[in-house]
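Accompanying notes for the structure given below.
The values are calculated or read from the model by the stated rules, or taken from the named source; none is laboratory data. All values reported here derive from a predicted model rather than from experimental measurement. Here the Cβ positions follow ideal geometry from the backbone for every residue, glycine too, while neighbour counts run over all protein chains shown. With ligands, DNA and RNA removed, areas are computed over all heavy atoms of the protein, side chains included. Shrake-Rupley method; radii C 1.70, N 1.55, O 1.52, S 1.80 Å.
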Amino acid sequence: MLDDKEVERLEVEAVNSAKTRQPLYSARKKVFPKRASGRFRQFKWLIMLVTLGIYYLTPWIRWDRGPYAPDQAVLLDIANRRFYFFFIEIWPQEFFYVAGLLVMAGIGLFLITSTVGRAWCGYTCPQTVWVDLFLVVERGIEGDRNARIKLDSAPWSFDKLSKRVAKHLVWLVIAVATGGAWIFYFADAPTLLGQLVTGQAAAVAYITVAVLTATTYVFGGLMREQVCTYMCPWPRIQAAMLDENSLTVTYNDWRGEPRSRHAKKAAAEGLSVGDCVDCNACVAVCPMGIDIRDGQQLECITCALCIDACDSVMDKIGKERGLISYATLADYQSNMAIATDPATGKIEPKRVHDQNGKLSDKIAHFRLGRIFRARTFVYAGAWSLVGVALLVALLSRDRLEINVLHDRNPQFVRLADGSIRNGYTVKLLNMIPEPRTVTLSLDGLPEAVMSVVGVDQPESRSVTVEAEPDKLKTIRVYVRQPQANLAEGQSFKFIVEDKGSSEKDAYVAKFNVPEAAK
Ligand code: SF4
Ligand code: SF4
């Protein structure tokens, strides 16, 4: 066990805390987060790798859909109004699937926040991930916290200039790659890359890359924590989703206070001291520039780096980990009630420790069962319901559809033999990336026959039509009825059928007749 004198004390101030926050419009105090190490930092590295990998690599994954459809696994084909996601192809009229996924994402965020607090902010939010990436670059070029502070306050020199230029250049490369990766989701990635570098891409592609490069560079490199503190609405909304059983990063002052830099000396003098040795390691690693010991704050993104920092201090001084930990408000309050002396109203660390200096058995710790409560069941139930409904709709959706528009002018034509003819515009949707031969037939109007403009087939009750792959085919159809069968308000069905796959769709249409014939 190390003496608490041997714990490195950092001269650091929480520049973004509620206590010391600057009024609006005053210059930002820079935050120089120190590199953290520990289990949460490892977990964050992993999440960063996965999320960045997904973002940058997904447009390059190929997916064979045959010769009539693009082979990019994920593609938002705006020009042809299609959304391809691996084996799923979404047409514009099926956009409700995307809406459903957004609803699921919203409910999922509610579920995650009500259980593990702002985990989204701390681990997977693009702002967090890119700031982390930019900080890796900054540390690699300028060094860790102390070196960066020194460099920042040093007068301009060749060394400072070259480091700053190198840092901003790498940031810009990342920003361009980020903006570039985004547009690859909207066109065939290899083709678009070739067009981009040879100057043949559309102006909108260059503008989009430029805008996203600028926002990535400014938000991730320059503004950093200010985006979360001042621009993002999520910290304001999330408070409504937390309850006393939600996990949040908590400074357990019931065991940490009264803090002391000279705990042994204070203890020898009979003073009551908590576990916090006031080393400021938790403040130094905080990317938001706050001091978690000030309590729950809007600025805290629950990245848990302060937990790693404090755990390593606790390891050094031989105390149990968890002075800063993920904890629920319910557990915190129960532990606080144990720690508080009812007579003085002050925290008495000995009330939460046993004779060996270990934490007492009375102390409440988080139990996994707390996650399963009515609220989380409701969120999980709603999330699953939407998911199942989407899945059922997806698996049972039609890939062959028919829509019909009855001619309004003229509504009918009387032919030389006295029969009546109605004209229709029939739209056949072949929603698979393969050509197919479909049969269009009449159901109803027993004596009626039809003909298709441009199709060389004799009048009959059924015609075959070639439907192009993944296309909407529009044909003109004339339906003719002999005079003897004319009656008022006759309705019938157009039926389209792919005999090969047994797919079928129908449309109920009306046959108009002249007044005299009714
Ligand atoms: S206080 Fe801790 S959890 Fe909150 S942002 Fe800072 S380091 Fe992350
Ligand atoms: S909470 Fe932990 S890391 Fe923060 S000052 Fe106290 S001992 Fe140091």
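Observations on the structure shown:
- Whole-number D in µm² s⁻¹ for the range 311-397, Kirkwood Cα-pair radius fed into Stokes-Einstein, 37 °C, 0.692 mPa s: 197 µm²/s
- Heavy-atom accessible surface of the range 39-178, averaged per residue, reaches 52 Å², computed with a 1.4 Å probe.
- Using C-alpha pairs below 8 Å separated by at least 6 residues, the relative contact order for the range 274-430 is 12 percent.
- Probe 1.4 Å - accessible area at residue 28, Å² to nearest ten: 80 Å²
- For the chain, the longest principal axis of the C-alpha atoms and the axis of helix 158-183 are separated by about 30°.
- Database remark: amide H of residue 186 closer than 5 angstrom to the amide H of 76 (H placed geometrically; neighbours at sequence offset of 5 or more, or on other chains; Pro and chain starts carry no H).
- Ordered from highest to lowest accessible area with the whole protein assembly present and a 1.4 Å probe, 44, 362 read as 362, 44.
- In the context of the full protein assembly, residue 507 retains an accessible surface of approximately 70 Å², using a probe radius of 1.4 Å and ignoring ligands and nucleic acids.
- Cα gyration tensor category, rounded, prolate or oblate, for the range 89-235 with a/c compared to 1.5: oblate
- Between residue 63 and 72, 73, the built amide H atoms are under 5 Å apart, and every one of these is 5 or more places off in sequence or on another chain.
- Tensor-based shape of the range 247-355 (alpha-carbon gyration tensor, a/c under 1.5 rounded, otherwise prolate or oblate): oblate
- Treating each Cα of the range 442-518 as an identical point scatterer and summing with the Debye formula, the log10 of I(q)/I(0) at q = 0.14 Å⁻¹ comes to -0.53.
- Helix 126-142 axis, angle to the chain major axis (alpha carbon atoms, nearest 10°): 50 degrees
- In order along the range 298-305, the phi-based Karplus estimate (6.51 cos²θ - 1.76 cosθ + 1.60, θ = phi - 60°) of 3J(HN,Hα) comes to 4, 6, 6, 8, 6, 7, 6, 5 Hz; Gly and Pro are listed as x.
- Compared with the alpha-carbon gap, the fully stretched path from residue 237 to residue 264 is longer by 5.3 nm at 0.36 nm per residue.
- Over the chain, relative contact order from alpha-carbon pairs under 8 Å, at least 6 apart, %: 15 percent
- Accessible surface of residue 173 - all protein chains present, 1.4 Å probe, nearest 10 Å²: 100 Å²
- Estimated FRET transfer efficiency (residue 191, residue 472; beta-carbon r; R0 25 Å; 0.05): 0.50
- Accessible surface, 1.4 Å probe, highest first, among residues 488, 138: 488, 138
- Residue order for 63, 130, 156, 171 - accessible surface, 1.4 angstrom probe, largest first: 156, 63, 130, 171
- Taken one residue at a time, the phi angles of the range 331-338 give Karplus couplings (6.51, -1.76, 1.60, θ = phi - 60°) of 5, 4, 5, 5, 5, 5, 5, 5 Hz. Gly and Pro are set to x.
- Pairs of C-alpha atoms in the range 1-160 farther apart than 18 Å represent 77 percent of all such pairs.
- Over 19 Å [Cα-Cα, the range 178-284], rounded percent: 69 percent
- Three-way shape label, the range 122-162, alpha-carbon gyration tensor, a/c 1.5: prolate
- Calculated FRET efficiency, residue 370 to residue 77, Cβ-Cβ distance, R0 = 56 Å: about 0.75 to the nearest 0.05.
- Based on protein heavy atoms only, the range 210-283 ends up with 42 Å² per residue of surface accessible to a 1.4 Å probe.
- Rg and Dmax over the alpha-carbon atoms of the range 344-384 stand at 17.8, 51 Å.
- Extension gain for residue 54 to residue 508 (0.36 nm times residue separation, less C-alpha to C-alpha distance): 158.8 nm.
- For q = 0.14 Å⁻¹, Debye-computed log10 I/I(0) when each Cα of the range 365-518 counts as one equal scatterer: -0.74
- At full extension, residue 176 and residue 321 could sit 48.0 nm farther apart than now, given 0.36 nm per residue minus the alpha carbon distance.
- FRET efficiency, 1/(1 + (r/R0)^6) with R0 25 Å, evaluated for residue 397 and residue 447 via beta carbons: 0.10
- For residue 490, the residues whose amide H sits under 5 Å from its own are 511, ignoring neighbours fewer than 5 places away on the same chain, with H placed 1.01 Å from N.
- Helical content alone sets the calculated 222 nm signal of the chain at -11000 deg cm²/dmol, taking -39,500 (n - 2.57) per DSSP H segment of four or more residues and averaging over every residue.
- Relative to the longest principal axis of the Cα atoms of the chain, helix 96-116 runs at roughly 20 degrees.
- Placing one equal scatterer on every Cα of the chain and applying the Debye formula, the log10 ratio I(q)/I(0) at q = 0.06 Å⁻¹ is -0.49.
- 3J(HN,Hα) along the range 203-217: 4, 4, 5, 5, 5, 4, 4, 5, 5, 5, 4, 5, 5, 5, 5 Hz, from the Karplus curve 6.51 cos²θ - 1.76 cosθ + 1.60 with θ = phi - 60°, whole Hz, x for Gly and Pro.
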